[in-house]
1. For segment 118-165, what are the residues that are of a type in the set (Gly, Ala, Ser) and touching a Ser or Thr at 6+ places or on another chain (Cβ under 9 Å)?
2. Taking segment 52-77, which residues are in contact with a Ser or Thr (Cβ under 6 Å, 6 or more places away or on another chain) and buried (at least 24 other Cβ atoms within 10 Å of the Cβ)?
3. Among residues belonging to segment 246-255 that are outside any helix (DSSP H, G or I) and out of contact with any helix residue (DSSP H, G or I) (no Cβ under 8 Å at 6 or more places or on another chain), point out the one that is surrounded by the fewest Cβ atoms within 10 Å (Cβ to Cβ).
4. If the Cβ limit is 6 Å and pairs must be 6+ apart or interchain, which residue in segment 322-346 that is assigned by TED's automatic domain parsing to the domain that holds Trp365 and closer than 26 Å to Trp227 by Cβ pairs with which residue that is modelled with pLDDT of 80 or more and among the hydroxyl-bearing types (Ser, Thr, Tyr)?
5. Any chance segment 118-136 includes a residue that's of a type in the set (D, E, K, R), surrounded by fewer than 17 Cβ atoms within 10 Å (Cβ to Cβ) and either out of contact with any helix residue (DSSP H, G or I) (no Cβ under 6 Å at 6 or more places or on another chain) or part of a loop (DSSP other than H, G, I, E, B) (or both)?
6. For segment 355-379, enumerate the residues that are of a type outside the set (A, V, I, L, M, F, W, C) and assigned to a strand (DSSP E or B).
7. Testing Arg168 on (1) in the same structural domain as Glu324 (by TED's automatic domain parsing); (2) not in a loop (DSSP other than H, G, I, E, B), one condition comes back false. Which one is that?
8. Is it fair to say Asp155 is part of a helix (DSSP H, G or I) and of a type outside the set (A, V, I, L, M, F, W, C)?
Amino acid sequence: MSLTFQELGLSQERATQLEEIGFTAPTNIQMQAIPQLLNGRDVVGQSQTGTGKTAAFSLPIIEKLDVNQKAVQALVLTPTRELAIQVHAAMSQFIGNSGLKAVAIYGGQSIDRQILQLKRGAQIVVGTPGRVIDLLERGNLRLDQVKWFVLDEADEMLSMGFIDDVERILSQAPTERQTALFSATMPPSIRMLVNKFLNSPVTVTVEQPKATPNKINQVAYLIPRHWTKAKALQPILEMEDPETALIFVRTRRTAAELTNLLQSAGHSVDEYHGDLSQQARERLLTRFRNRQVRWVVATDIAARGLDVDQLSHVINFDLPDSVETYVHRIGRTGRAGKEGTAITLVQPFERRKQQIFERHVRQNWQLLTIPTKAQIEAQHIQKLRGQVAEALTGERLASFLPIISEMIEEYDAHAIAAAALQIAYDQTRPAWLLSGVDLPVEEADSPKPRINKRRDGGDYGDGGGERSYRERGERGGRRSYKEGRNYDDRRSVATPKPKLRTAQREPSISG
């Protein structure tokens, strides 16, 4: 039986205000963390995005802060400006009319404006490490009255190289404080941070709900040899036709190149990465949430601040280095009881990595081949048929009937309808398909769902044995996987032994 927010220890006033903004029942992590934080305990929370952790740390802080004291009493550190904006917006909503004030400080916005906001007084500061340090050094931000310290997405701070900055900031805060750390994963470096700066913390863990994977249709498209992923993605997108999608890539350069390629093909898509200005990011977020842009190509770090309701698809253009990141990505779809689809592009040398991910989520992916030209055309015709059926019940149909009555004296009615459909189809048919792009003309045999493992160097179903696999994509085997080496950048891999067959390096995305 689920508890109410008031039963967790929040005031009646806070519980009523939460109900007014649509928070009727606490999530798992909120039920675990809120009572501990209200009781004065340090908390370590391990949970994925979308579990409600922002409210889990925000509500106890807001409940305990002194509204009459204008000094900074709570500091929330986030790895990216997007997440800082998101957390600040959520906390401002939770604050309501209580009289408390929260300020967001991050790079990409005028520091003078942020200094002015701090001078006016704020009890809560949400910021990125770099800008927080800048303001500390200028003397515009003081932490001597801080009673609460929160590290959000600590694993991303580690991957972005912010841990030294985080330690520097923590060392300037009073030792008599409450500290909460939230992270999707818990690598050893984060554990060391916990042991150093948290006081006998309570650990709360929210695993990916068992029902969630069943609501996410996980699909893998197998990339043919000598094909680039960019070439394979276009027919996949035409076949799947995502309503809204996040397309994950490794690098900013890939994000920019892939976006240009898809825009040239006439798709509604834009890029989202660290090279964009803050103004450009906020503008894109608004357009994406308002469905003015259907798809966004993003890097993992930048996408931490991208939270869109009812996302229909997540597409892994590049497989991530860790299973935790994969789960974090696909967890953005299939929320709130809705079904979602997670599509992954898998190259031959990534088949074993695919199996590792499958075992982790305990669900086999549906393995598909690149859609053929005939399949894509059939999909478009089926879609057109649905549009025609919808138009038959529309109000504008009557205005076209006189044209048909006039033409039917000279042409067959069926021929007229077929000609109209042909015109409509040709106008909506993708330009790249008309240009004669090299697509499979016949549907390939369905791939086997499992791949038998052989230790004698035989075929794994990816065209090479165990030794060949490691030489081509994962030199050093398991050690390279843990170190998170980029599978697509095989220029850093030593030349394989002459007797072993090597895979060709994938050409540029635009090639």
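The values are calculated or read from the model by the stated rules, or taken from the named source; none is laboratory data. On a predicted model such as this, the values are computed, not experimentally measured, just so you know. Neighbour counts run over all protein chains shown; Cβ positions are idealised from the backbone, glycine included.
1. Gly127, Ala154
2. Within segment 52-77, just Lys53 meets the criteria.
3. Thr251
4. That search, which allows pairs on different chains as well, returns Leu345/Tyr221.
5. yes
6. Gln366, Thr369, listed by residue number.
7. Evaluating Arg168 over (1) in the same structural domain as Glu324 (by TED's automatic domain parsing); (2) not in a loop (DSSP other than H, G, I, E, B) leaves (1) as the failure.
8. Details: part of a helix (DSSP H, G or I): yes; of a type outside the set (A, V, I, L, M, F, W, C): yes.
It is true that Asp155 is part of a helix (DSSP H, G or I) and of a type outside the set (A, V, I, L, M, F, W, C).
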